[in-house]
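Here the structure is laid out as structure tokens; the discussion comes afterwards.
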Amino acid sequence: QVQLVESGGGLVQAGGSLRLSCAASGRTFSSYAMGWFRQAPGKEREFVAAISWTGNTYFADSVKGRFTSSRDYAKNTVYLQMNSLKPEDAAIYYCALKYGSRWYSEVGEYDYWGQGTQVTISS
């Protein structure tokens, strides 16, 4: 079993920044990719970003150039740095773990999910 705990969400003005963290514990001795997803009220959960086991990153077009991701292997923690935030970025953000070296953009591919952290953007 794996537990994922997100943190770092909150209220920020449009144009501001937030850094989300996702700490993994439990069965993390195997290689894994981490995905970031978000879900706004009334909308489906959508892919935001992913970071592979080797540290390669991938982003949805809607956040490309504004978001970055990194990972700290020693801490089993993955980060999502969100800059130039827009009102449409407001959502609950989830991290998800997928065993193996590949990343995926599909919700159904991930093995474990965090509880989510709320990101609110004021305009």
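The values are calculated or read from the model by the stated rules, or taken from the named source; none is laboratory data. Just so it is clear, the model here is predicted, and its values are computed rather than measured. Counting neighbours? That spans all protein chains shown, and the Cβs are built from the backbone with ideal geometry, glycine included. With ligands, DNA and RNA removed, areas are computed over all heavy atoms of the protein, side chains included. Shrake-Rupley method; radii C 1.70, N 1.55, O 1.52, S 1.80 Å.
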Consider only pairs whose beta carbons are under 9 Å apart and that are at least six residues apart or on different chains; among these, list those whose first residue lies in the stretch 20-32 and is part of a loop (DSSP other than H, G, I, E, B) and whose second residue is surrounded by fewer than 17 Cβ atoms within 10 Å (Cβ to Cβ).
-> R27/Q1; R27/Y99; S30/Y99; S30/G100; S31/T54; S31/Y99; S31/G100; S31/S101
Considering each residue of the stretch 52-77, count those that are within 12 Å of A24 (Cβ to Cβ) and assigned to a strand (DSSP E or B), and give that number.
-> 3
Search result, residues across the stretch 86-105 that are outside any strand (DSSP E or B) and modelled with pLDDT under 95 | G100, S101, R102, W103, Y104, S105
Report yes if F59 is within 11 Å of the chain's Cα centre (by Cα), aromatic (F, W, Y) and open to solvent by less than 20 Å² (accessible area, probe 1.4 Å), otherwise no.
-> no
Considering residues of the stretch 1-45 that are among the charged types (D, E, K, R) and within 11 Å of the chain's Cα centre (by Cα) only, the residue nearest to N76 (Cα to Cα) = E6
